[in-house]
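> Okay, handing you the structure first.
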């Protein structure tokens, strides 16, 4: 699927108030959500180390990175 180029925001989007919830609501906990794609660029030596550990542990790079990220966020108590 081809990506659409974004040229401008409409006024209706800018007028809508945004609500930021401090804690997830019940609906967030029960409704399955689609993961968001996040690209991470790493130096070649880090890539090789990540792939080596992944092969040894039989884990994907995504699984290793997600585990490390969740541990990092937990340490700083970011919800």
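Here, each number is a calculation from the coordinates, and none is a lab measurement. None of these values were measured; they are calculated from a predicted model.
> On alpha carbon coordinates alone, what is the Rg over Rh value for segment 37-79, Rh being the Kirkwood radius?
Ratio of gyration radius to Kirkwood radius: 1.02.
> What does the extension gain come out to for residue 73 and residue 60, with contour length at 0.36 nm per residue minus their alpha carbon separation?
Between residue 73 and residue 60, full extension yields 2.7 nm more.
> A follow-up question, please. Mind checking the full-extension length gain between residue 52 and residue 39? Use 0.36 nm per residue of separation minus the Cα-Cα distance, one decimal, nm.
Residue separation times 0.36 nm, minus the Cα-Cα distance, leaves 2.7 nm.
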